[in-house]
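Have a look at the structure below before the remarks.
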Amino acid sequence: MLIVLLPEDHQDDGQAAPPLHWWRLERDGSVQEAGCDSLTLLKSRFAGQRLRALAPGTAVSLYRLDMPVRRAAAVRAALPYALEDQLSQDLDLLHCVPGPRRGDGRLAAAVVETERMERWQALFAAEQWRLESLVPLPELHAAQAPERGLLIRPSPWPSVAPQVLITSATEVPVLIEAGLLTLWLKRQLGVLPESERFVQAHGLTRADLGLEHDETIDVSEGPAETDIASALGYCLQPNPPLNLLTGPFAASMAAPPWRKMRSVMIAAGVLLAVLLAQFSLEWLTLARERDRLLVGIESVFQSS
């Protein structure tokens with residue numbers, strides 16, 4: 001399977017498609033190859049590989065919501081309205097996607113601009129390459145949350161500017177620019193309950209966090225963790241729980257035309273086999289009848 005990371009910047013029409021960071025995985029999840037190339041070159045090298053993509057964290061917003069409804073269709077219908085108070089853009093310009101239920105019962109959800117989704121899909125359509133799934137990059141780290149508080153570490157993912165990865169037992173995983181960390185962290189710590197005002201900083205110091213003068217926040221420092229391979233294992237699931245290719249963008253997830261017609265093709269093959277067998281039996285019967293008539297005719301002429 002081939003995994004590609006989509007670009008962070010918003011491309012204008014007419015611009016050349018940027019190179020994409022990519023990883024090729026084996027069935028056991030190990031990374032066999034990695035690089036950064038154009039989609040055209042990747043298609044020429046890995047045309048037969050299954051393809052999945054990651055949406056950059058700066059382009060997709062993740063949420064956790066209290067959604068009492070459980071039926072999938074009802075959740076999809078209610079989701080935009082449940083998010084309305086948290087969104088600054090018109091709902092008609094956004095693509096809202098429900099995800100799995102977390103351990104606390106709240107629903108995970110993702111929001112991305114419709115125009116951005118269209119541009120992403122156009123990249124693969126231009127190469128006539130079927131995309132199986134499109135997963136928000138931070139979602140790959142949702143299972144790596146600490147038991148309490150916040151876990152902050154340098155992002156292992158390639159990006160235009162250095163980023164940090166933040167995971168929490170009660171909030172969504174976040175990827176933000178390192179320069180915005182202090183502002184984001186102070187605002188987030190202000191809304192966390194007292195029991196959750198704890199920070200584990202892997203590969204970062206109190207000064208990096210902007211907390212060198214704040215002794216009210218417990219900070220536990222540790223070594224950085226940069227294991228991309230384990231995070232990419234999320235993409236190997238047959239159906240990733242939070243996949244942006246839904247609704248109007250689900251076309252690329254559809255089975256190829258030949259696969260849709262597989263049952264019809266099988267039936268047609270069985271029918272053809274039956275007809276061929278019937279034709280063969282009739283041909284043999286006619287051949288035997290012909291031979292019998294020839295023998296009869298020869299015996300008549302011999303007797304005369």
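The values are calculated or read from the model by the stated rules, or taken from the named source; none is laboratory data. Since the model is a prediction, treat every value here as computed from it, not as a measurement. Cβ atoms come from the backbone with ideal geometry, glycine included; neighbour counts cover every protein chain shown. Ligands, DNA and RNA are stripped out before the accessible areas are found, and what is left, the full protein with its side chains, is counted by its heavy atoms. Shrake-Rupley method; radii C 1.70, N 1.55, O 1.52, S 1.80 Å.
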- Item | Search result, residues across region 172-199 that are within 28 Å of the chain's Cα centre (by Cα), surrounded by 19 or more Cβ atoms within 10 Å (Cβ to Cβ) and either polar (S, T, N, Q) or over 14 Å from Leu137 (Cβ atoms) (or both) | Leu181
- Complete set of residues in region 138-168 that are polar (S, T, N, Q) and over 21 Å from Gly103 (Cβ atoms): Ser155, Ser159, Gln163
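Being exposed (fewer than 10 other Cβ atoms within 10 Å of the Cβ), modelled with pLDDT of 75 or more and part of a helix (DSSP H, G or I): is that true of Ser230 here?
It is false that Ser230 is exposed (fewer than 10 other Cβ atoms within 10 Å of the Cβ), modelled with pLDDT of 75 or more and part of a helix (DSSP H, G or I).
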- Sort out which residues of region 112-162 are closer than 23 Å to Glu196 by Cβ and in a strand (DSSP E or B), and write them in order of number. Leu150, Leu151, Ile152, Arg153, Pro154
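Listed here are the residues, each with its yes/no results for (1) buried (at least 16 other Cβ atoms within 10 Å of the Cβ); (2) closer than 27 Å to Pro162 by Cβ; (3) of a type outside the set (Lys, Arg).
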| site | (1), (2), (3) |
| --- | --- |
| Thr58 | yes, yes, yes |
| Val69 | no, no, yes |
| Ala74 | no, no, yes |
| Leu79 | yes, no, yes |
| Leu91 | no, no, yes |
| Pro98 | yes, no, yes |
| Gly105 | no, no, yes |
| Arg116 | yes, yes, no |
- Note on the structure: Reported set for region 124-136 where residues are open to solvent by less than 10 Å² (accessible area, probe 1.4 Å) and either closer than 22 Å to Leu41 by Cβ or of a type in the set (S, T, N, Q) (or both) is Phe124, Leu131, Ser133, Leu134
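Go through region 243-268 and report how many residues are at pLDDT 75 or above and either open to solvent by 60 Å² or more (accessible area, probe 1.4 Å) or not hydroxyl-bearing (Ser, Thr, Tyr) (or both).
Total meeting the criteria: 7.
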- Item | Residue among Arg64, Arg27 that is outside any helix (DSSP H, G or I), over 26 Å from Ala110 (Cα atoms) and not hydrophobic (A, V, I, L, M, F, W, C) | Arg27
- Task: Look through Glu221, Glu212, Glu225 and report the one residue that is farther than 24 Å from Gln121 by Cβ and either part of a helix (DSSP H, G or I) or modelled with pLDDT under 75 (or both).
- Result: Glu225
- Among Leu5, Leu25, Leu65, which is the only one that is in contact (Cβ under 8 Å) with a residue 40 or more places away in the chain and surrounded by fewer than 18 Cβ atoms within 10 Å (Cβ to Cβ)? Leu65
- Counting only residues that are in contact with a helix residue (DSSP H, G or I) (Cβ under 8 Å, 6 or more places away or on another chain) and either farther than 27 Å from Pro18 by Cβ or of a type in the set (Gly, Ala, Ser) (or both), which one in region 158-167 is most open to solvent (accessible area, probe 1.4 Å)? Ala161
- In region 10-56, how many are among the small types (Gly, Ala, Ser), modelled with pLDDT of 90 or more, in contact with a Leu (Cβ under 8 Å, 6 or more places away or on another chain) and within 23 Å of Ala142 (Cβ to Cβ)? 2
